[in-house]
Amino acid sequence: MKKLLAIILERFVRLVEKLDKMVDKQEVKDSIISAARSIFSKYGFKKTTMDDIARAMRKGKSSIYYYFTSKEEIYQAVVEKESLLLKVSISSSIDLVESPKDKLKNYIFTRMTTYSKLANFYNAIKDEYLSHLAFIDNIRKKYDNDEINMVQEILRDGVNRNVFKIEDTYLAATAIVTAMKGLEIPLFWENNDRRLEDRQQDLLNILFYGIVKQ
């Protein structure tokens, strides 16, 4: 019995040590991703080097390669991180309100204001130069599908509550997402929070009240 207990204890200790190493490794990877976000935002994917990321981490380049095999792999992790941040931010803002109109309003406001702060994700979605990266197309498709599905869910809720009158919620969601994309570049050029809010309110007014005089 004592021998069996000793074996069990030894295996348990090894498991704990293995888990600790996994946690430590993930913490280092998260630190690299955080540093790389700043570097990629500043210099862009093309001009950023592994040396730049290593210097930002105050580590040797070889230690970075221990966790990531290439600059492309780090960039993918950065873009996926920012994509998750955007999704969590939007979902949280939607959950704060009850009515479908307020949900749609919060979605648009949060999406546009947060999106403008995620330079790497924005570039991954918009920059044609990055199309050669294998993972970019998958991220773009997932982003489009997630966004349309999120808006469609809000619209369906509004239809079920008799707040919105929409024949095809998927088509309407696609149109709203397309309209928002059309606002992105001019809004970012202006870099004016007040103007951003005004433009978003104009979009909401059109969505809610239309352009035909009642």
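Results, tabulated for the structure shown:
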quantity: Scope segment 84-120; condition of a type in the set (Asp, Glu) and either assigned to a helix (DSSP H, G or I) or under 12 Å from the mean Cα position of the chain (by Cα) (or both); matching residues; calculated: Asp95, Asp102
quantity: Odd one out for Val159 among (1) surrounded by fewer than 15 Cβ atoms within 10 Å (Cβ to Cβ); (2) free of Cβ contacts under 8 Å to residues at least 12 places away in the same chain; (3) farther than 15 Å from Gln76 by Cα; calculated: (1)
quantity: Any hit, segment 174-191, residues being surrounded by 11 or more Cβ atoms within 10 Å (Cβ to Cβ), at pLDDT 90 or above and either more than 17 Å from Ile108 (Cβ to Cβ) or β-branched (Val, Ile, Thr) (or both); calculated: yes
quantity: Every residue from segment 57-82 that is open to solvent by 50 Å² or more (accessible area, probe 1.4 Å) and of a type outside the set (Phe, Trp, Tyr); calculated: Arg58, Lys59, Lys61, Ser62, Thr69, Glu72, Glu73, Gln76, Glu80, Lys81
quantity: For Asp102: the one exception among (1) open to solvent by less than 60 Å² (accessible area, probe 1.4 Å); (2) of a type outside the set (A, V, I, L, M); (3) under 30 Å from Glu153 (Cα atoms); calculated: (1)
quantity: Residue in segment 130-137 that is buried (at least 19 other Cβ atoms within 10 Å of the Cβ) and closer than 20 Å to Ile176 by Cβ present; calculated: no
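Here's the yes/no breakdown for (1) modelled with pLDDT under 90; (2) of a type in the set (Gly, Ala, Ser); (3) over 18 Å from the mean Cα position of the chain (by Cα):
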site	(1), (2), (3)
Ser41	no, yes, no
Phe45	no, no, no
Arg58	yes, no, yes
Ser62	yes, yes, yes
Ile74	no, no, no
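Each row is one residue, and each column tells you yes or no for (1) under 18 Å from Gly44 (Cβ atoms); (2) out of contact with any Leu (no Cβ under 7 Å at 6 or more places or on another chain); (3) among the charged types (D, E, K, R).
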residue	(1), (2), (3)
Glu72	yes, no, yes
Lys87	no, yes, yes
Ile90	no, yes, no
Lys101	no, yes, yes
Thr110	no, yes, no
Asn162	no, yes, no
Thr169	no, no, no
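The values are calculated or read from the model by the stated rules, or taken from the named source; none is laboratory data. Note that the coordinates shown come from a computational prediction; the quantities given were computed from them, not determined experimentally. No Cβ is skipped: glycine too gets one built from the backbone with ideal geometry, and neighbour counts run over all protein chains shown. Protein only, heavy atoms only, side chains kept; ligands, DNA and RNA dropped before computing areas. Shrake-Rupley method; radii C 1.70, N 1.55, O 1.52, S 1.80 Å.
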